[in-house]
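Engineer: First the structure, which I've put down as structure tokens, then a few questions once you've had a look.
The values are calculated or read from the model by the stated rules, or taken from the named source; none is laboratory data. All figures in this text were calculated on a predicted structure; none of them were measured in a lab. Here the Cβ positions follow ideal geometry from the backbone for every residue, glycine too, while neighbour counts run over all protein chains shown.
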Amino acid sequence: MREIIDLTKDLMRFQTVPSKPQEIKRCAAFIENYLRTCGVVYNRFDYENTPSILVLPQNGFAPVLLMSHIDVVDAPAELFQPLEKDHKIYGRGSLDDKYAVALSLVLLKNHLQRLRKQGRSRNDLPFGVLITADEESGGFKGAKKVLGEIKTDFCIVLDGGSVEKIVVKEKGIAFVKLTSRGKAAPGDRPWLGENAMEKLIDDFVKLRAYFVKSAPAHQDRAVVIKRVYSGDLHAQIPEYAEASVEIRYTGKDDMERLLDTMQKELHSQIVVEAVEPLFSGGESSHLKLLSGISAKTRVGFEDGANDSRFLAQFSINGIVWGADGDGSRHTLNEHVNIESVYELYRMLDEFMMVL
Ligand SMILES: [Zn+2]
């Protein structure tokens, strides 16, 4: 199992941040090479320049699908040098989500070897593997595209949870744009104009009030401002400004009503670009089987939002599960606990054997 750790480190050396598509491509090519070396047949998808790699036992179907991603959030260059210390691997992508990519690949290789020894083939594999490259930027060119093209009875999103906690419910996500219009002013008399950017900022502050911890009954929502843009940079005063905002919502929220209420208070217009459903894994015999394998693993909820939300869209049952990293995802202290990676491997291995 040491191979999983070495492979994780190899993957971590690629700086697979969304702003470096070439690194993402190099990392995808590295995975393709690994699969070819093991004699695994795979499919590579490229939607709008974003690679995804898919291994299925049969055409278009896997009894179980393991999902993970190679893209990571930004980090200083030194975080792309993996550091092994105190039974942990430190560095960007160790926990989110490259150990999961490595684990899936090694599990795949070992199961294929086992089957070949028995004179069987890829068609007898109990699971498939999907590796995407845009989870951190919404998953629209990876999970969303590929999941729509295949069938699976149960998807295990290896991107969250912990060895002791299988996640069956997560927040949904709404992508919203705030657009603000002001009024131009003569260049030498800017006070006569109306600054669209300033109005936009005021509006974001108002909107944020709906998401603060103290907001009544809304403690579990979250809002993140991702990008701000203003029109003509040469004009003295921005006449137009917009902000891209992500809203994480829970099962308690009525998004339509919430957006309506907020709109009434804002000068800017709220443009809803997409509302992705909540992830809710559904009851399944697979989950029961998995719970039976690990006595100490319980089922729970989590606050994050990841590609699991696409499962609901395609009516796929599933869970979010993963190794332990002490909540260090996306931090400078990101790490994964090696023993938990091994334990996760053992449980998944056993699960695939009894399927
Ligand atoms: Zn992730």
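Engineer: Which residue out of Asp74, Asp6 is over 19 Å from Ile150 (Cα atoms) and modelled with pLDDT under 95? It would help to see each step written out before you state the result.
Structural biologist: Details: Asp6 fails: modelled with pLDDT under 95.
Exactly one residue qualifies, and that residue is Asp74.
Engineer: Filter the stretch 30-54 down to the residues that are among the β-branched types (Val, Ile, Thr) and touching a Ser or Thr at 6+ places or on another chain (Cβ under 9 Å), then identify the one that is surrounded by the fewest Cβ atoms within 10 Å (Cβ to Cβ). First the steps, then the outcome.
Structural biologist: So the first thing to find is which residues in the stretch 30-54 are among the β-branched types (Val, Ile, Thr), and the list is 31, 37, 40-41, 50, 53.
Filter once more, keeping what is touching a Ser or Thr at 6+ places or on another chain (Cβ under 9 Å): 50, 53.
Working: Thr50: 22, Ile53: 24.
Among those residues, the one meeting the criterion is Thr50.
Engineer: Sort through Glu343, Glu334, Glu339 and tell me the only one that's touching a Phe, Trp or Tyr at 6+ places or on another chain (Cβ under 9 Å), acidic (Asp, Glu) and in contact (Cβ under 8 Å) with a residue 24 or more places away in the chain. Spell out how you get there, then give the answer.
Structural biologist: Working: Glu343 fails: touching a Phe, Trp or Tyr at 6+ places or on another chain (Cβ under 9 Å); Glu339 fails: touching a Phe, Trp or Tyr at 6+ places or on another chain (Cβ under 9 Å).
Of the residues listed, the single one that is touching a Phe, Trp or Tyr at 6+ places or on another chain (Cβ under 9 Å), acidic (Asp, Glu) and in contact (Cβ under 8 Å) with a residue 24 or more places away in the chain is Glu334.
Engineer: Take Asp307 and decide whether it is within 16 Å of the ligand (Cβ to nearest atom), modelled with pLDDT of 85 or more and closer than 22 Å to Glu246 by Cβ. Write out each step before concluding.
Structural biologist: On the way: within 16 Å of the ligand (Cβ to nearest atom): yes; modelled with pLDDT of 85 or more: yes; closer than 22 Å to Glu246 by Cβ: yes.
The answer is yes for Asp307.
Engineer: Given the criteria out of contact with any Phe, Trp or Tyr (no Cβ under 6 Å at 6 or more places or on another chain), modelled with pLDDT of 85 or more and within 16 Å of the ligand (Cβ to nearest atom), does Asp260 qualify?
Structural biologist: Working: out of contact with any Phe, Trp or Tyr (no Cβ under 6 Å at 6 or more places or on another chain): yes; modelled with pLDDT of 85 or more: yes; within 16 Å of the ligand (Cβ to nearest atom): no.
It is false that Asp260 is out of contact with any Phe, Trp or Tyr (no Cβ under 6 Å at 6 or more places or on another chain), modelled with pLDDT of 85 or more and within 16 Å of the ligand (Cβ to nearest atom).
Engineer: Also, quick follow-up: Assess whether Glu334 counts as being farther than 30 Å from Pro76 by Cα and among the acidic types (Asp, Glu). Explain how you work it out, then say what you get.
Structural biologist: Values: farther than 30 Å from Pro76 by Cα: no; among the acidic types (Asp, Glu): yes.
So Glu334 does not fit the description; no.
Engineer: Report those strands (runs of 3 or more DSSP E) wholly inside the stretch 30-129 carrying at least 1 residues which are touching a helix residue (DSSP H, G or I) at 6+ places or on another chain (Cβ under 8 Å), within 20 Å of Val163 (Cα to Cα) and of a type in the set (A, V, I, L, M). Walk me through it before giving the result.
Structural biologist: Values: elements: 43-47, 50-55, 61-69, 83-85, 88-90.
Fully inside the stretch 30-129 and qualifying: 61-69, 88-90.
Engineer: For the stretch 125-184, which residues satisfy the criterion of being among the acidic types (Asp, Glu) and either crowded, with 19+ Cβ neighbours inside 10 Å or within 12 Å of the chain's Cα centre (by Cα) (or both)?
Structural biologist: Initially, the stretch 125-184 is screened for residues among the acidic types (Asp, Glu), giving 134-136, 149, 153, 159, 164, 170.
Across the stretch 125-184, the qualifying residues are Asp134, Glu135, Glu136, Asp159, Glu170.
Engineer: Let me ask you something else. Write out, first by first residue and then by second, each pair whose Cβ atoms fall under 6 Å of each other, whose residues are 6+ apart or on separate chains, and whose first residue, in the stretch 235-261, is more than 24 Å from Gly182 (Cα to Cα) while the second is in a strand (DSSP E or B) and aromatic (Phe, Trp, Tyr).
Structural biologist: Met255/Tyr249
So that you can scan it fast, the table gives a plain yes or no per residue for (1) within 16 Å of the ligand (Cβ to nearest atom); (2) among the small types (Gly, Ala, Ser):
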position	(1), (2)
Cys27	yes, no
Leu35	no, no
Cys38	no, no
Tyr47	no, no
Thr50	yes, no
Gly60	no, yes
His69	yes, no
Ala75	yes, yes
Leu83	no, no
